[in-house]
Amino acid sequence: MRKKKVLGVLGNLDLLVACVLVVWLICLTCVGVLKRYLFRDPIAWMEEVQLLSFLSVVFLGGSAAFRTGSHIAIEILVDALPKKIGALIERVDVLLQLLILVYLFMQEMTYYLQLAGTTKRTDVLRLPYEVAYIAVPIGGVLMIISMLFGAYQKFIAHKTAEPAEKEASDT
């Protein structure tokens, strides 16, 4: 039981980090607004930290969305088709998603490796770009893994569970 709980937390670590970063962004933005408009003393590093936090939220939250199937889908057409054709379209959709994610990941890595090959640093915090933008390739890998995990759960694990459920209901 404890092992399942630990695996559940680790499996949702991206979602947990994204949620913590959203709370961080909200608090940081409120403090920044108060500091700027009430005290007329803006925080110099605010925009840079917000940008990097938002980037991390997008890429880590994107992987959680793929894993939970929370991304936008318009299934009215697929639902209206015969079951076999709808199932085929769903599988083609997964393949297209995978191809697009792999292509985007290759572009992300090209960009990230270009950044890592320079000595550029962020303007205010002076973070190396490869540290500042590490969420991009990590999020890309996690999105691919999460999408494959979701597809496995939907198409393969679901099929192996169906015969077991039928046998249990027959007895």
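The values are calculated or read from the model by the stated rules, or taken from the named source; none is laboratory data. Bear in mind the structure is a predicted one, so any value in this text is a computation, not a measurement. For neighbour counting, all protein chains shown are included, and Cβ atoms are generated from backbone atoms with ideal geometry for every residue, glycine included. Note: areas computed on protein heavy atoms with side chains; ligands, DNA, RNA excluded. Shrake-Rupley method; radii C 1.70, N 1.55, O 1.52, S 1.80 Å.
If you check every pair at least six apart or on different chains, which have Cβ atoms under 8 Å apart with a residue in segment 129-141 that is β-branched (Val, Ile, Thr) first and a residue that is open to solvent by 60 Å² or more (accessible area, probe 1.4 Å) second? Once the first residue is β-branched (Val, Ile, Thr) and sits in segment 129-141, its partners that are open to solvent by 60 Å² or more (accessible area, probe 1.4 Å) give 136/111. Just one of the numbered conditions (1) part of a helix (DSSP H, G or I); (2) surrounded by 13 or more Cβ atoms within 10 Å (Cβ to Cβ) is not true of residue 26: (2). Among the residues of segment 33-40, is any surrounded by 12 or more Cβ atoms within 10 Å (Cβ to Cβ) and in contact (Cβ under 8 Å) with a residue 40 or more places away in the chain? Scanning segment 33-40 turns up no residue that is surrounded by 12 or more Cβ atoms within 10 Å (Cβ to Cβ) and in contact (Cβ under 8 Å) with a residue 40 or more places away in the chain.
Out of curiosity, is residue 90 touching a Gly at 6+ places or on another chain (Cβ under 6 Å) and either at pLDDT 90 or above or not hydrophobic (A, V, I, L, M, F, W, C) (or both)? Spelling it out, it is not the case that residue 90 is touching a Gly at 6+ places or on another chain (Cβ under 6 Å) and either at pLDDT 90 or above or not hydrophobic (A, V, I, L, M, F, W, C) (or both).
Checked against the criterion of being among the small types (Gly, Ala, Ser) and more than 26 Å from residue 13 (Cα to Cα), the candidates 80, 116 yield just one match: 80. Comparison of 127, 98, 60 shows that the only residue that is open to solvent by less than 70 Å² (accessible area, probe 1.4 Å), of a type in the set (A, V, I, L, M) and touching a strand residue (DSSP E or B) at 6+ places or on another chain (Cβ under 7 Å) is 127. The C-beta contact set for segment 70-88 (first residue in a loop (DSSP other than H, G, I, E, B), second residue of a type in the set (A, V, I, L, M, F, W, C), distance under 6 angstrom, 6+ apart or interchain) comprises 71/65.
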